[in-house]
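One structure is given below, encoded as structure tokens.
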Amino acid sequence: MLSQPESFIALLIYFVFFGLIGARRGWKKEALVFVLGFATYLGLLQSQGRLAFLINTGGNYALTGFPSDQEGLLSVFEAPPIISGDNQETFIFLLWALILVGLYFLGDRIFKKDAGKSQSLGFLVGVANGILYLSLIATRLFPIFTSEENLAEAPPGTQLQQVVNRLQDFLDVQLRAFFGGISLSEQRTLLIITIILIIGIAAYTLFGGRKSQAQKK
Amino acid sequence: MGSIESYFTTIALVFVFISIARGYAKELSTTVIILVAIFLLDVIDGRLNPLLLTLVQTVFPDFSTATEASNLLLCSVYSVLFIGAVFANYSGNTLNLGGKQAGPPVGTYISIAVGLMNGYFFAGTLWFYQALYDYPFRFFGQGIEQPLSATAQVMVELLPQKLATNTGYLMIPIALILLLRAKG
């Protein structure tokens, strides 16, 4: 399948897309995301064991009510880990994804006025980011589209429908797996907290710290 | 007709687009109206039913209160009242909470979140009345795909009216908005 010319064209489109984003955002912002994004991923991989130990110990210490006696401290180490070996990789990837989003905000803040004028350099660093995402993000998307039959060999015109169907199946499984892990009352509590958080953040950014127009009058 | 979760998702997405276009400063006022409408409908729901059915029976003596038609009638009344309340906020003088919206990209993300939340409240309420009156649109020969899929069965337990034992909790977000509005 590596000889398919469509794959080569698709790859070119992919790189041009990232290159154009880089040219538009400026090479300094893109370089920051590339360097720190790659470095933090490697750093997280290196330190995942220590990080999991710190979170497990600290988390269980807090969950058991900050014990100071010997028995209580022993129960901290005997408690089931918050981040086990099974979900360690998911946790590292989630943490890295959050850092990556933060890096885009950071770049916008640091290079507000001068993000690098060279568009060709921006294009190149954008392509480098494309390669980084291809290796770290796209590979995690493959299982959605490579199960059962090969999507590239589906009859022409049905591919979009199949992509939508597979995405729907994937979300169904993910939703059921997530909600299956917690009880109905916990699901409801989670939803209420989310709603209050959204409203709180929206209302705070609207009214917090600034005088509203009505009050100025 | 298709699966109910597809309709739910589509309506929620429409609300996201509306929220991005209008901005969350205006959409937050819609949230207030939606929450008040859900609360008021929950208060009158059930109490109004005997009156409505008696009224219809007076006009149409052949109308039986224990049929699918009565379910369809009640479901339609509450759905129309709710849609009317939300539509009135969009079409008439919008409730103005004031305040200054955060600029992009943060403002856009908040608009998306508020739009999703409004979509959940709006589509969730319409779904709730469908479920409460046993999906009565099959009266017309077509209705929501039955039985509900496994995902829909999970979602139906998380509709706005089912989040707590009474809808009085809906006043908490409104109180939060008013408190921050008074502080600002």
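Report, in degrees rounded to the nearest 10, the 0 to 90 angle that the Cα long axis of helix A:88-110 makes with the longest principal axis of chain A. Around 70 degrees separate the two axes. Rolling a 1.4 Å probe over the heavy atoms of the protein chains gives the protein assembly as shown an accessible area of 58 Å² per residue. On the protein assembly as shown, 68 percent of the accessible area sits on carbon and sulfur atoms, based on a 1.4 Å probe. Name the residues of segment A:185-200 whose accessible area, probed at 1.4 Å, falls by at least 10 Å² once all protein chains are in place instead of their chain on its own? Buried by 10 Å² or more upon assembly, which counts only protein chains, are A:Gln187, A:Arg188, A:Leu191, A:Ile192, A:Ile195, A:Ile196, A:Ile198, A:Ile199, A:Gly200. Legend: residues B:Ile44, B:Ile38, sorted from most to least accessible area (1.4 Å probe; ligands, DNA and RNA excluded), read B:Ile44, B:Ile38. Rolling a 1.4 Å probe over the protein chains gives A:Lys28 an accessible area of about 50 Å².
At an R0 of 35 angstrom, the distance between the Cβ atoms of A:Glu89 and B:Lys162 translates into a FRET efficiency of 0.50.
Applying 1/(1 + (r/R0)^6) with R0 = 45 Å to the Cβ-Cβ distance of A:Phe38 and B:Ile20 gives a FRET efficiency near 0.90. Once A binds B, the 1.4 Å probe can no longer reach about 2900 Å² of accessible area, counting both sides.
For segment A:1-149, rounded, prolate or oblate, judged on the Cα gyration tensor with a ≥ b ≥ c (square roots of eigenvalues), a/c < 1.5 rounded, else prolate if a/b > b/c? Before the final figure, lay out each step's value.
Numbers: a/c = 4.30, a/b = 1.76, b/c = 2.45.
Since a/c reaches 1.5 but b/c is at least a/b, the shape of segment A:1-149 is classed as oblate.
Sort A:Ile83, A:Ile13 from largest to smallest accessible area, using a 1.4 Å probe on the heavy atoms of the protein chains.
Details: A:Ile83 15, A:Ile13 110 Å².
My answer, sorted largest first, is A:Ile13, A:Ile83.
Between helix A:5-25 and chain A there is an angle of about 70 degrees, using the helix long axis and the longest principal axis of the Cα atoms. Modelled spin labels at A:Arg50 and A:Ala177, positioned 7 Å past Cα toward Cβ, are 3.0 nm from each other. Shown for chain A: lysine pairs separated by 8 or more places, or found on different chains, whose C-alpha atoms are under 23 Å apart, numbering 6.
For the pair A:Lys117/B:Thr58, report the inter-label distance in nm, with labels modelled 7 Å from Cα in the Cβ direction. Between A:Lys117 and B:Thr58, the label points sit 8.1 nm apart. Apply the a/c threshold of 1.5 to the C-alpha gyration tensor of chain B and tell me whether it is rounded, prolate or oblate. Since a/c reaches 1.5 and a/b is larger than b/c, the shape of chain B is classed as prolate.
The C-alpha atoms of chain A define a longest principal axis, and helix A:159-180 lies at about 10 degrees to it.
Mind checking the full-extension length gain between B:Val106 and B:Ile174? Use 0.36 nm per residue of separation minus the Cα-Cα distance, one decimal, nm. Taking 0.36 nm per residue and subtracting the Cα distance, the gain is 22.2 nm. By a 1.4 Å probe calculation restricted to protein chains, B:Asp134 has an accessible surface near 80 Å², given to the nearest 10.
The values are calculated or read from the model by the stated rules, or taken from the named source; none is laboratory data. Computed from a prediction, not measured in an experiment: that's the story for all the values here. Every residue, glycine as well, gets a Cβ built from its backbone with ideal geometry; the counts of neighbours run over all protein chains shown. For the accessible areas, the whole protein counts, side chains as well, though only heavy atoms, and no ligand, DNA or RNA atoms are used. Shrake-Rupley method; radii C 1.70, N 1.55, O 1.52, S 1.80 Å.
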